[in-house]
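The values are calculated or read from the model by the stated rules, or taken from the named source; none is laboratory data. What you are looking at is a predicted structure, and each value in this text was computed from that prediction instead of being measured. Every residue, glycine among them, receives a Cβ derived from its backbone with ideal geometry; neighbour counts consider all protein chains shown. Heavy atoms of the whole protein, side chains included, go into the accessibility calculation; ligands, DNA and RNA do not. Shrake-Rupley method; radii C 1.70, N 1.55, O 1.52, S 1.80 Å.
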Amino acid sequence: MDLQNKEQLEQYLIQQFEWFHRHPELSYEEVETTAKIRELLTEAGIEILPYPLATGLVAVVRGTRTAPDGQERILALRCDIDALPIVEEAEIPYASESRGKMHACGHDLHITAGIGAAILLQAYRERLCGTVKFIFQPGEEDARGAMKILETDVMEDVERIWGFHADPTNAEGVVGIREGYVTAAVDRFLIRVKGVGCHGAHPDDGIDPIPVAAAIIQGLHTIVGRNVNAFHPALLSVTRVQAGTTWNVIPALAELEGTVRTMQREDRVLYERRVRETVEGIAAAYGAKAEIVWIDSAPATYNDGNMAQLCEKVAQSQGMRTVPEEMSLGGDDFSYYMEEETMGRQIPGCYLKIGTGVGHPIHHPAFCVKRSVILPAAELLAKVLEEDLKQ
């Protein structure tokens, strides 16, 4: 492939993007996706590291230039590869061929842009004074796929890590970037309210868990407004309420499920404590019992200031427009790569948003990435990594 011929490279990447879009696979099922990534990288002469991953892989591009200070730098780029269990509604000729599965979050772009960046850096490795690891990660939608990578020693020598995401809230040619928190910590709760079942005509013979559940919902929603600093982004959402099976029986059990999103570490701790206190206190006041299951997931993502400034500078040098990145209460397991709890040390990271053309939001059945953003995204990532190796 003639990398000097941009049109040829762009058509090649679009062809691969369309293949990935037509063949979506869910978290930890990315067998064909992994095989295709391996095939394309191998054809480009890029080294695949021999990690025993069921799905996903790690490739490496080794620069041949010596850094001015003689120190080899090692960076990583995370590209997530899984799809979602959604029936596609986008009217495109390369729509999903797997009924009930689609790349509704832009991971097909992430794969393709990552491959493109690797191909570019491999071709120009004499300009690189360091090494770049390309992590094609499974299971991001599961929120714990990063842990599969961290079970290996991939990150042991990595100094900084980059991540990116498709952004349908911005036009193509626009890059969202900022210093500080950009995604939230994600926690899930399951509450089981245990009452005493009885006939619907004789509630005095039992303990009705339904009004208890209703009171708990009301109580939980006061945590945001009465316990959390008003200047700290945070939310609590009850997303599932379930009780009973018929019209004339008071059930013995009601279930609530939901999520908590926070940016600050202290708020994350506060929420869990206050949820437990609120649920247990309200249940006791009604004579019922409550069981709380708290499931913590990805922590908040914090962008390193120097890396954010570098990205902004590079993007603008490539003719892109930069805007302040949206602070989202959505989560991404990219944050695990920077956490002392999972890494044993904290490393700087940066997570940017690449505009894919304003349209349907991610996770929507008609979400679609404009193919014209693929090559610019690959070029941006390659240049950011090249410049970061010089820092």
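Annotation note: of Val279, Val275, the sole residue that is in contact with a Phe, Trp or Tyr (Cβ under 7 Å, 6 or more places away or on another chain), within 25 Å of Asn229 (Cα to Cα) and either at pLDDT 95 or above or among the acidic types (Asp, Glu) (or both) is Val275. Taking the conditions exactly as written (without any contact (Cβ under 8 Å) to a residue 12 or more places away in the chain and either of a type in the set (Val, Ile, Thr) or open to solvent by less than 80 Å² (accessible area, probe 1.4 Å) (or both)), does Ala290 satisfy them or not? Considered against the rule, which asks whether it is without any contact (Cβ under 8 Å) to a residue 12 or more places away in the chain and either of a type in the set (Val, Ile, Thr) or open to solvent by less than 80 Å² (accessible area, probe 1.4 Å) (or both), Ala290 comes out as no.
Checking the structure you have, find out if any residue of the stretch 130-138 is over 18 Å from Leu385 (Cβ atoms), out of contact with any strand residue (DSSP E or B) (no Cβ under 7 Å at 6 or more places or on another chain) and surrounded by fewer than 22 Cβ atoms within 10 Å (Cβ to Cβ). Scanning the stretch 130-138, I find no residue that is over 18 Å from Leu385 (Cβ atoms), out of contact with any strand residue (DSSP E or B) (no Cβ under 7 Å at 6 or more places or on another chain) and surrounded by fewer than 22 Cβ atoms within 10 Å (Cβ to Cβ), so the answer is no. Among the residues of the stretch 232-259, those that are part of a strand (DSSP E or B), among the hydrophobic types (A, V, I, L, M, F, W, C) and farther than 30 Å from Met327 by Cβ comprise Ala243, Val249, Ile250, Leu253, Ala254. Annotation: of all residues in the stretch 348-364 being part of a loop (DSSP other than H, G, I, E, B) and open to solvent by less than 30 Å² (accessible area, probe 1.4 Å), the one that is nearest to Gly331 (Cα to Cα) is Thr356.
Among the residues of the stretch 231-264, the ones that are without any contact (Cβ under 8 Å) to a residue 24 or more places away in the chain and not hydroxyl-bearing (Ser, Thr, Tyr) come to 4 in all.
The residues of the stretch 22-51 include none that are part of a loop (DSSP other than H, G, I, E, B), under 20 Å from Leu120 (Cα atoms) and open to solvent by 60 Å² or more (accessible area, probe 1.4 Å). Among the residues of the stretch 333-369, those identified as charged (D, E, K, R) and touching a strand residue (DSSP E or B) at 6+ places or on another chain (Cβ under 9 Å) are Asp333, Lys353. Among all positions in the stretch 11-34, there is no residue which is in contact (Cβ under 8 Å) with a residue 12 or more places away in the chain, farther than 26 Å from His363 by Cα and not small (Gly, Ala, Ser).
Among the residues of the stretch 295-323, those identified as open to solvent by less than 10 Å² (accessible area, probe 1.4 Å) and not in a helix (DSSP H, G or I) are Ala298, Thr301, Asn303. Scan the stretch 101-133 residue by residue and report those that are over 25 Å from Lys6 (Cα atoms) and not in a loop (DSSP other than H, G, I, E, B). Scanning the stretch 101-133 gives Met102, Gly130. If the requirement is being in a loop (DSSP other than H, G, I, E, B) and surrounded by fewer than 18 Cβ atoms within 10 Å (Cβ to Cβ), which of these qualifies: Thr55, Thr66? That would be Thr66, the only listed residue that is in a loop (DSSP other than H, G, I, E, B) and surrounded by fewer than 18 Cβ atoms within 10 Å (Cβ to Cβ). The strands (runs of 3 or more DSSP E) found entirely in the stretch 134-224 that carry 2 or more residues being of a type in the set (Phe, Trp, Tyr) are 160-167.
Condition first: surrounded by fewer than 24 Cβ atoms within 10 Å (Cβ to Cβ), more than 24 Å from Ala143 (Cα to Cα) and either hydroxyl-bearing (Ser, Thr, Tyr) or more than 26 Å from the chain's Cα centre (by Cα) (or both). Can you find one or more residues in the stretch 71-82 that meet it? Yes, there is a match, as at least one residue in the stretch 71-82 is surrounded by fewer than 24 Cβ atoms within 10 Å (Cβ to Cβ), more than 24 Å from Ala143 (Cα to Cα) and either hydroxyl-bearing (Ser, Thr, Tyr) or more than 26 Å from the chain's Cα centre (by Cα) (or both). Just checking, does the stretch 260-277 include any residue being outside any helix (DSSP H, G or I), touching a Pro at 6+ places or on another chain (Cβ under 9 Å) and open to solvent by 20 Å² or more (accessible area, probe 1.4 Å)? Taking every residue of the stretch 260-277 in turn, at least one turns out to be outside any helix (DSSP H, G or I), touching a Pro at 6+ places or on another chain (Cβ under 9 Å) and open to solvent by 20 Å² or more (accessible area, probe 1.4 Å).
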